[in-house]
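Below is one structure. I have some questions about it.
The values are calculated or read from the model by the stated rules, or taken from the named source; none is laboratory data. For clarity, every value in this text was computed on a predicted model and none was experimentally measured. Positions of Cβ are generated from backbone atoms using ideal geometry, with glycine treated the same way; all protein chains shown enter the neighbour counts.
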């Protein structure tokens, strides 16, 4: 028994507002039946396989989060062309109202 009949294809064509000839209905019914049969076979085979985003196992490679000595604000700002209250001073690129 086919997974989809010619009448169902005709109904789907009407819903999609597609004007199909009798030959096209026969062709598409056969093609859709083949597709649905393949999907059914794949569904049976993959029933016990857990869903996954990737077939390859992935792990996140990270380093331990450790506190280490860093630059003081003065050292970090020592090479800046302009400084304002321990911050880098840069030219304004947008107008006041933006």
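Only one residue in 96, 8, 85 is out of contact with any strand residue (DSSP E or B) (no Cβ under 8 Å at 6 or more places or on another chain), loosely packed, with under 10 Cβ neighbours inside 10 Å and at pLDDT 85 or above. Which one? Walk me through how you get there before you give the answer.
Values: 96 fails: at pLDDT 85 or above; 8 fails: loosely packed, with under 10 Cβ neighbours inside 10 Å.
The match here is 85.
When the residues of the stretch 19-51 are narrowed to those that are part of a loop (DSSP other than H, G, I, E, B) and in contact with a helix residue (DSSP H, G or I) (Cβ under 8 Å, 6 or more places away or on another chain), which ends up surrounded by the most Cβ atoms within 10 Å (Cβ to Cβ)? Spell out how you get there, then give the answer.
Here is the first cut: in the stretch 19-51, the ones part of a loop (DSSP other than H, G, I, E, B) are 19-21, 49-51.
With the extra rule that they be in contact with a helix residue (DSSP H, G or I) (Cβ under 8 Å, 6 or more places away or on another chain), the set shrinks to 19-20.
Numbers: 19: 7, 20: 16.
Checked the stretch 19-51; the qualifying residue surrounded by the most Cβ atoms within 10 Å (Cβ to Cβ) is 20.
Part of a helix (DSSP H, G or I) and either more than 28 Å from the chain's Cα centre (by Cα) or within 26 Å of residue 13 (Cβ to Cβ) (or both) - does that describe any residue in the stretch 52-74?
Residues of the stretch 52-74 part of a helix (DSSP H, G or I): 73-74.
Checking which are either more than 28 Å from the chain's Cα centre (by Cα) or within 26 Å of residue 13 (Cβ to Cβ) (or both) leaves us with 73-74.
Yes, that holds for at least one residue.
On the given criteria, is residue 95 more than 30 Å from residue 11 (Cβ to Cβ) and not in a loop (DSSP other than H, G, I, E, B)? Full working, then the answer.
On the way: more than 30 Å from residue 11 (Cβ to Cβ): yes; not in a loop (DSSP other than H, G, I, E, B): no.
In short, no.
Quick one: how many residues across the stretch 39-73 are touching a residue at least 12 places away in the same chain (Cβ under 8 Å) and over 30 Å from residue 2 (Cβ atoms)? Working first, answer last.
First, pick out the residues of the stretch 39-73 that are touching a residue at least 12 places away in the same chain (Cβ under 8 Å): 40, 73.
Those left that are additionally over 30 Å from residue 2 (Cβ atoms): 73.
Within the stretch 39-73, residues that are touching a residue at least 12 places away in the same chain (Cβ under 8 Å) and over 30 Å from residue 2 (Cβ atoms) number 1.
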